[in-house]
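Report on one structure; see the data block that follows.
Every number here is computed from the coordinates shown, using simple stated rules; none is lab data. This structure is a prediction, so every number in the text was calculated from the model and none was measured. Note that each Cβ is placed from the backbone with ideal geometry, even for glycine, and that neighbours are counted across all protein chains shown.
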Amino acid sequence: MVAEGSLDRRAVYSKGYFDYLLWPPIEQELLSRLAACTAEIARRSAPPFFSADPMVQDSCDLLAQQVDQKITLSKLARMIGTNRTTLVNRFEASFNCGPMTWLRHYRMTLAAGSLRNGHESVATVAESLGYENSNNFSTAFKAFHGLSPLRYRKMVAGREKPA
């Protein structure tokens, strides 16, 4: 907080601050800034796979519940009650990718968490995410994360240094 009479914006910003409030505070300004801060905290803590679009979020929830199953775009669109084009367009607007790409990213994020926190084999992790073949899973994981699943596990455990 800065007293109105002694406001030197350059001095405030030169000390690393990116905003300031005048003293004495104006109640409406204070409430408005608190609301903005609260909204920003909520936005940053939202799951990375969240969409404000209800149709897209319903699709994401459905895909997340069935992450271990094969699902086609047509089947997903029917389950949501729309057509493929509308579903893809809405996903593009929310995530800059289609539903199947979103699902692949979601699976790879879950895979990294499982490998980081669990002790299951790579084959078990692959199976839990709908991959029938652990080699296909390993290829997808490496394409997404840049490391094989085993190398990733060793790196996060601190047993191997990054290349």
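Partners of residue 154 within straight-line reach, counting lysines whose Cα lies under 26 Å from its Cα and excluding those fewer than 8 residues away in the same chain: 142.
The phi torsions of segment 63-75, fed into the Karplus equation with coefficients 6.51, -1.76 and 1.60 and a -60° offset, translate into couplings of 4, 5, 5, 10, 4, 8, 10, 7, 9, 9, 4, 4, 5 Hz, rounded to whole numbers, with Gly and Pro shown as x.
Phi angles of segment 108-121 translate, via the Karplus equation with coefficients 6.51, -1.76, 1.60 and θ = phi - 60°, into HN-Hα couplings of 5, 5, 5, 4, 4, x, 5, 5, 6, 9, x, 10, 5, 5 Hz per residue; Gly and Pro are given as x.
For residue 56, the shell of other residues with beta-carbons less than 12 Å away shows a net charge of -3, using +1 for Lys and Arg and -1 for Asp and Glu. Mean sequence separation of contacting Cα pairs (under 8 Å, at least six apart), scaled by the length of segment 122-162, corresponds to a relative contact order of 23 percent.
A cut-off under 14 angstrom between Cβ atoms defines the neighbours of residue 126, and their net charge, with Lys, Arg +1 and Asp, Glu -1, is +1. A Cβ-based charge dipole, computed about the Cα centre of segment 98-162 with Lys and Arg at +1 and Asp and Glu at -1, lands at about 320 debye.
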